[in-house]
1. With respect to L120, is the statement that it is within 22 Å of V171 (Cα to Cα) and in a strand (DSSP E or B) true?
2. Going by what's in this entry, would R251 be described as surrounded by 18 or more Cβ atoms within 10 Å (Cβ to Cβ) and basic (K, R)?
3. Could you pull out the residue among A111, A71, A103 that is exposed (fewer than 14 other Cβ atoms within 10 Å of the Cβ), among the aliphatic types (A, V, I, L, M) and touching a residue at least 24 places away in the same chain (Cβ under 8 Å)?
4. Taking region 185-201 as the search range and keeping residues that are buried (at least 18 other Cβ atoms within 10 Å of the Cβ) and of a type in the set (S, T, Y), which one is nearest to N234 (Cα to Cα)?
5. Are any of the residues in region 168-184 in contact with a helix residue (DSSP H, G or I) (Cβ under 9 Å, 6 or more places away or on another chain), assigned to a loop (DSSP other than H, G, I, E, B) and within 30 Å of R236 (Cα to Cα)?
6. As an exercise: evaluate K205 against (1) closer than 24 Å to I89 by Cα; (2) among the basic types (K, R); (3) modelled with pLDDT of 95 or more and give the number of the one condition it does not meet.
7. Being closer than 16 Å to I157 by Cβ and outside any loop (DSSP other than H, G, I, E, B) is the filter here; which residues of region 130-140 pass it?
8. If S122 passes every condition in (1) under 12 Å from L44 (Cα atoms); (2) surrounded by fewer than 14 Cβ atoms within 10 Å (Cβ to Cβ) but one, which one does it miss?
Amino acid sequence: MQFDYFMTAWDPDAYQQFFAERHQAGHDLIARVDAVAPRCIVDLGCGTGRLTSELAVRWPEALVIGIDRSAEMIAAAPSTGVTYTVGDIETWSPSEPVDVLFANASLHWIADHRHLFPHLVSMLAPGGTLAVQMPLSWEQSSHRILREVSSGYGVTIDSPPTLQPNDYHDVLAGRAGTEVWVTTYYHVLHGENPVFRWVSSTGIKRFLARIDPDLHDEFLAECAHRIAAAYPPNHRQETVFPFTRLFVLARAAG
């Protein structure tokens, strides 16, 4: 089996395969932001900018900025109503306080949340909102399989820096009022081995970066086989993929 379609760089086309499912949590997060007439909104880790554009539509009077370290993703982003910048969340800082910092499925790639979250809140204007969604996928079957297969190649991956949900209240105590919740989405996917195709555009890249390129096809074939067995389609040829996500809203004092 060949995997010529697979690239270790972020591939916007592959990422967009499951746009509706991936971004449902982002839509839900936007709906929970109750900012009134924000002047500046920043999307940290904006990817291809689809949700960034929705922020611009909801608050058309605001300056909306999308930041992502992937030039490929930025190049695929629609430009209407949004200013995009290639940059790293860890080193970026705003020129003035921000009214809404939005981070959908991006902060789980960044270490030391006990420092990161207070740092981001410090960028907010009085009354500003930090809105965050992060996957809790480390223990689900698809990601366990990736770790188990990669161990046969002498590769281990550290767990994400995501804290326990209740820890975010403690980390931001005295800095912002917080709401924290967890939701499991049961995505109905179609086509051949859709869960493998899902992880192939995101989490599997960390493993490939540590495996000899000559062994990539072998590694991918084993992952594909085991993930297909773990997520068989039902009699309607639908594959149900449970995916749990963590949400954090932090509102700075006004």
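The values are calculated or read from the model by the stated rules, or taken from the named source; none is laboratory data. Remember, predicted model here, so these are calculated numbers, not experimental data. Cβ sites come from the backbone with ideal geometry, for glycine too, and all protein chains shown count toward neighbours.
1. When the stated conditions are applied, L120 does not pass them.
2. Considered against the rule, which asks whether it is surrounded by 18 or more Cβ atoms within 10 Å (Cβ to Cβ) and basic (K, R), R251 comes out as yes.
3. Numbers: A71 fails: touching a residue at least 24 places away in the same chain (Cβ under 8 Å); A103 fails: exposed (fewer than 14 other Cβ atoms within 10 Å of the Cβ).
Being exposed (fewer than 14 other Cβ atoms within 10 Å of the Cβ), among the aliphatic types (A, V, I, L, M) and touching a residue at least 24 places away in the same chain (Cβ under 8 Å) holds for just one of A111, A71, A103, which is A111.
4. S200
5. Scanning region 168-184, I find no residue that is in contact with a helix residue (DSSP H, G or I) (Cβ under 9 Å, 6 or more places away or on another chain), assigned to a loop (DSSP other than H, G, I, E, B) and within 30 Å of R236 (Cα to Cα), so the answer is no.
6. (3)
7. P135
8. Of (1) under 12 Å from L44 (Cα atoms); (2) surrounded by fewer than 14 Cβ atoms within 10 Å (Cβ to Cβ), only one is false for S122: (1).
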